[in-house]
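Working notes for the structure below.
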Amino acid sequence: MRIAVVADGEGGGWLQELDAVPGPVRRVADLAAAVRAAEHAGPEPPRWVWSAGEDVYPDLVRAGVRVSRCHDAALTEALLLGHQVRHREAHSLGAAWARLHGLPVPADPVRPLGEGAAAQPALFEADRSTLPPGTDRLAALVEVHGDQLRRIADLPDPGRMRLLTAVESAGGLAATEMSHDGLPWRPDVHDRILTDILGSRPPAGRRPPVLADLAARIGDAVGREVNPDSPAQVLKAMAWIGHPVESTRSWVLEQVDHPVVPLLLRYKELSRLHSANGWAWLETWVGERPGPRGERLGRFRPDYVVGGVVSGRWATRGGGALQIPKSVRGAVRSDPGWVLVRADAGQLEPRVLAAVSGDDALAAAAAEEDLYARLAVHVGGDRERAKIGMLSAMYGQTSGDAAPLLATMRRLYPRALDHVDSAARTGEGGGVVRSWLGRTSPAPDDWAAAVSGPGGDRRRRAHGRFTRNFVVQATAAEWALVLLAALRRRLPDMPEGGGIVFFVHDEVVLHVPAELADEAVRAVADAEAQTRTTLFGETPVRFPLATVVTDNYAHL
């Protein structure tokens, strides 16, 4: 059963069951209570249909209600537009409804930074559907939902797109829940890490002691004062000492043999830590409360963007959740009496390539725990060279040592290489490619003009490399979404704050009471098995998840 839901902005809303024929509209004064009751009313929970998860679900989660599944009209519209190579068109409910009625299509609403599940707006704000004033939002939602189901049914392989829209919508649920629950974070430990690395916290606008000392030493090495935060000044300084460089990128500076270079590289590294995850970041992104033993317990609540990258990978609105540096991971600690359970899918993309290409030889290698060790047999037992060869196949690297390794991969795994070679040829011709479930790569802008002038061959090759990797990376993103959806359904009931608290590409972190750790580990294993068969059927390819239980993320 599907139930369409629209909030009224005052804690209530409207519900309508969507079976073969839509049922009567039901007005409810307490939307959270109505959703909770429907979730537990029958043997199978309903699939909730809403304009966009961010319009309804954060408020439900704050009210203590979590749903099993949904159809997110905005996420679905984006996927369907992408399938038609219309990635740049607006995908809100209002935009989809306007297209159905031949009306001007409104731009998607701009969501302010940090306005995610962790924010505290008025309860059940009216959604920002961009529908014209006075439009019946529930009727518009039902109409758009029906149109989306028809468009999916008309696709050559509708089953795959149904699965993709379902797991993309489930990803939206998980993103909201993770933003609400937050990743356990110890502000006192983070502060201690920063102090150990950078020195004491400086006044606003000043450098920490270690950075200030490095800046002074850089000036001494150059022979005049230099602001290392200014690329222009660094470029002038390098020219001054007789080593002109075209940029201040680390790999460029590393080619220069001069005492100032190690100082500049160290300054860049520590300055990045200070700006990206320093004290200001800590105050902005980590809320805290006192712990039972006087420790400072906190939560990092990122604002996730599901499908924020064209390949289907997630992004975030600020906070840098997808790039937590190793230097501060020691601040990610479980609460007292709880543990972190981390599941990491190693070598995911080559395993995906084995499954989608149907290459039996690569599938046999992917049946091993360490795929690269199996491949190393063919390159003199050198595992690192085997890894380079496989990555060259997926990313199109052909220069240097990669060329002979790529030739070896082509000989050993012809079907796998033909799969990515074909995608590359399509890209080099200006075409688009699709993932296993149907996510579509964007078309390049004004292709004929782009490749007709100087640099045209370079642009062809670049787009070919993009499409070559897209068919693998986008499918890997789908594997992760199916895993996330399966894991949500299989986890045991948790107290407040327990469950999935972090997700990045091919890694999931759970925060669970210590006594539920074994159940959580079994749930991860069961979810992986379900993910493999859901996507690829009875494939010989294995997707092993390295699962670790600990109280400290730095130990993972």
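Here are a few things to note about the model shown:
- Listed peptides 159-171, 442-454 appear in the order 159-171, 442-454 once ranked by packing, highest mean of other Cβ atoms within 10 Å at the front.
- Close amide H partners of R69, meaning residues 5 or more places away or on another chain with modelled amide H under 5 Å apart, are W48.
- All aspartates and glutamates inside 19 Å of K326 as judged from Cα atoms, apart from same-chain residues fewer than 8 positions distant: D188, D191, D196, E269, D344, D506, E507, D551
- Projecting the Cα positions of A166, L155, A78 onto the charge dipole of segment 2-182 (unit charges on Cβ atoms of Lys, Arg, Asp and Glu, taken about the Cα centre) puts L155 furthest along the positive direction.
- Counting 0.36 nm for each residue step from A41 to S230 and taking away their Cα separation leaves a gain of 61.8 nm.
- Protection proxy ranking of 536-548, 459-471 - average other beta-carbon atoms within 10 Å, highest first: 459-471, 536-548
- For the chain, the residue among L405, T130, Y372 whose Cα projects farthest onto the positive side of the dipole built from Cβ charges is L405.
- Packing-based ranking, highest mean first, of 258-265, 219-226 given that Cβ atoms within 10 Å are counted: 258-265, 219-226
- Added length on full extension, which subtracts the Cα-Cα distance from 0.36 nm per residue, E295 to R111: 62.8 nm
- Radius 12 Å from Cβ of H511, net charge of other residues (Lys, Arg +1; Asp, Glu -1): -2
- Residue separation of R317 and L155 scaled by 0.36 nm, minus their Cα-Cα distance, works out to 55.0 nm of gained length.
- In order through segment 498-512: 3J(HN,Hα) via Karplus (6.51 cos²θ - 1.76 cosθ + 1.60), integer Hz, x for Gly, Pro: x, x, 6, 10, 7, 8, 8, 6, 10, 9, 10, 10, 10, 10, 9
- Across the chain, the relative contact order, built from alpha-carbon pairs under 8 Å that are at least six residues apart, equals 15 percent.
- The chain - Debye-derived log10 I(q)/I(0), Cα point model, q = 0.06, 0.10 Å⁻¹: -0.36, -1.00
- Charge dipole of the chain (Cα centre as origin; +1 on each Lys and Arg Cβ, -1 on each Asp and Glu Cβ, all else neutral): 1060 debye, rounded to the nearest 20.
- Those residues of segment 132-167 whose amide nitrogen sits under 19 Å from the label point placed on R86, 7 Å along Cα→Cβ: 132, 140-158, 161-162, 165
- Cα-based shape type of segment 326-400, given that a ≥ b ≥ c are square roots of the gyration tensor eigenvalues and the cut on a/c is 1.5: prolate
- Positive minus negative residues near P46 (Lys, Arg vs Asp, Glu; Cβ under 15 Å): +2
- Amide H contacts under 5 Å for W185: G298, R299, F300, R333, restricted to partners 5 or more places along the chain or on a different chain, H placed in the peptide plane at 1.01 Å from N.
- Bridging of K236 to lysines at a Cα separation below 22 Å is possible for K268, once same-chain residues fewer than 8 apart are set aside.
- MRE, 222 nm, helices only [DSSP H, n ≥ 4, -39500 (n - 2.57), over the chain, to nearest 500]: -15000 deg cm²/dmol
- Charge sum, other residues only, whose C-beta stays under 9 Å from G287's C-beta, Lys/Arg counted +1 and Asp/Glu -1: +2
- Projecting the Cα atoms of V472, A486, G497 onto the dipole axis of segment 453-509, where Lys and Arg carry +1 and Asp and Glu carry -1 at the beta carbon, places V472 farthest toward the positive end.
- Size of charge dipole - segment 2-182 - debye, nearest 20, with Cβ of Lys, Arg +1 and Asp, Glu -1, no other charges: 320 debye
Each value in this text was obtained by applying a stated rule to the coordinates, not by laboratory testing. Since this is a predicted model, take the numbers as computed values, not measurements. No Cβ is skipped: glycine too gets one built from the backbone with ideal geometry, and neighbour counts run over all protein chains shown.
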